[in-house]
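Below: the structure, in structure tokens.
The values are calculated or read from the model by the stated rules, or taken from the named source; none is laboratory data. These figures come from a predicted structure and were not determined experimentally. Every residue, glycine as well, gets a Cβ built from its backbone with ideal geometry; the counts of neighbours run over all protein chains shown. In case anyone asks, the SASA skips ligands and DNA or RNA and just uses the protein heavy atoms, side chains included. Shrake-Rupley method; radii C 1.70, N 1.55, O 1.52, S 1.80 Å.
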Amino acid sequence: MKTKKKWNLTLAIFIGLVLGAVCGLLMPGRYEWALPVISLVSNVYMNALRMMIYPLVFCSLVVGIHGIGSVSATGKIGGQTILYYIATTLIASLIGLFLPKALGLGQGVVIEMSEAAVEATKFTSLLDTVSNLLPANPIASFAEGNMLQVLVFAVVIGITCLSVGKKAEPFVRLAEAINEISVKIISVVMKFTPIGVFCSISYVMYANGTQTILALAKVLAALYITFILYVLIVYGGIVKLLGKCSLKTFFTKVMPAALNAFGTCSSSATLPISKRCADDLGVPNEISSLSLPLGATINMDAVSILMSFMIVFFANACGVEVSFGMLAMVLLCNTLLSIGTPGVPGGAIAAFAALAAIAGLPMGIMGVYISINTLCDMGATCCNVLGDLACSVAMSETAKLKKK
């Protein structure tokens with residue numbers, strides 16, 4: 001009976017996605033009057049998910065670390081998770097380094113550029129990034145949505161609870177209660193996911209229109225085919241070989257999170273749903289409570305592929321030569337930029353402005369990139385969320401923790 005409900009939810013989300021895309025394409029002129037209502041519903045849905053992200057992440061991580069029972073085991077899980085994300089990012093970067101140039105993306109394309117006021121993300125040194133990991137004001141970290149600082153704060157509290165022992169049990173029980181409340185609220189919100197996805201995708205299609213989509217269909221098709229192959233080969237291999245999990249089971253269970261990520265373009269907003277999918281796959285809370293929020297923060301495999309595709313496409317279209325060395329520098333800078341960046345819609349625009357400047361591209365391309373950013377971000381977010389869940393499944397085997 002439980003499996004049937006999950007399938008129904010997945011089907012409902014998919015139907016909402018398809019109907020939303022059709023509605024968005026038909027909306028101009030005929031149904032434009034409905035745009036304010038659709039935008040309102042989409043914003044309410046996104047806010048309902050975001051409302052519980054940080055309480056869920058913080059409390060789940062504190063409870064998870066306490067449940068592990070030792071500092072060394074916590075370090076082992078965290079270390080393996082980071083190594084996993086580094087390895088997959090390296091694979092994605094290599095694909096992004098060679099494939100776009102081999103496909104000749106953008107050759108023969110003429111782009112009418114328009115200026116767009118976009119402030120490029122500023123690069124900080126690695127030392128500055130590390131020094132900002134520990135929050136001076138944890139409350140501000142929650143208020144500003146700094147996921148990386150919230151994670152570090154939760155790890156500090158969780159490890160301290162292990163050290164204090166019985167005296168910390170009242171706090172741990174409070175964290176467990178808040179975690180259960182968060183999960184319950186998310187369970188209710190999930191029932192409205194098909195409606196939320198319908199409204200989100202409708203607005204995306206309306207904003208871009210058929211002309212923009214068709215004009216850039218080739219690069220979008222190549223990008224999405226690469227995403228699909230990357231998910232099936234790389235993540236599928238990890239799930240099968242390391243996680244000892246059937247691919248059919250994995251992709252069936254994670255579909256609600258994948259479709260929600262695709263429709264909302266937000267890995268952070270999808271975190272609660274990803275947590276439910278990980279639970280359905282039998283991943284222990286001690287693992288998923290760390291691997292999923294950490295992945296939403298630093299797992300940028302698809303973004304590495306996306307940025308390299310777009311840089312090569314616009315470089316060829318503008319007649320700018322981008323060497324392999326320059327592209328490697330762009331991917332390295334993109335990795336540094338992505339650390340700690342909130343996984344929210346449009347988060348890649350400022351980063352792309354900085355990377356385009358490094359590659360020597362005219363800033364006039366930003367008007368074109370902004371018009372298709374959401375369409376690109378939809379696939380990238382979906383791919384990254386699947387990578388987070390694949391890591392969780394693999395860790396449930398490699399970390400040698402018993403599944404609950």
Next on the checklist: If the requirement is being modelled with pLDDT under 75 and aliphatic (A, V, I, L, M), which of these qualifies: 68, 82, 86, 15?
Outcome noted: 68
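When you go through 294, 281, 247, 290 one by one, which is the residue that is without any contact (Cβ under 8 Å) to a residue 60 or more places away in the chain and not charged (D, E, K, R)?
When all the criteria are applied, what remains is 247.
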Checklist outcome for this item: The helices (runs of 4 or more DSSP H) lying entirely within region 253-339 that contain at least 1 residues which are modelled with pLDDT under 80 and open to solvent by less than 10 Å² (accessible area, probe 1.4 Å) are 267-280, 285-298, 324-338
Next on the checklist: Being open to solvent by less than 40 Å² (accessible area, probe 1.4 Å), in a helix (DSSP H, G or I) and at pLDDT 75 or above: is that true of residue 35 here?
Outcome noted: yes
Checklist outcome for this item: The correct count of residues that are closer than 17 Å to residue 321 by Cα and modelled with pLDDT of 75 or more in region 359-379 is 4
Checklist entry - Can you name every residue in region 149-177 that is under 23 Å from the mean Cα position of the chain (by Cα) and open to solvent by 20 Å² or more (accessible area, probe 1.4 Å)? => result 149, 152, 153, 155
Item to check | Candidate set: region 340-358, residues that are modelled with pLDDT of 70 or more and buried (at least 20 other Cβ atoms within 10 Å of the Cβ); chosen: the one nearest to residue 220 (Cα to Cα) | outcome: 352
Next on the checklist: If I go through region 237-252 residue by residue, how many of them are out of contact with any Gly (no Cβ under 8 Å at 6 or more places or on another chain) and crowded, with 19+ Cβ neighbours inside 10 Å?
Outcome noted: 4
Next on the checklist: I need the helices (runs of 4 or more DSSP H) fully contained in region 95-171, keeping only those with at least 2 residues that are at pLDDT 85 or above and not β-branched (Val, Ile, Thr).
Outcome noted: 138-144, 147-164
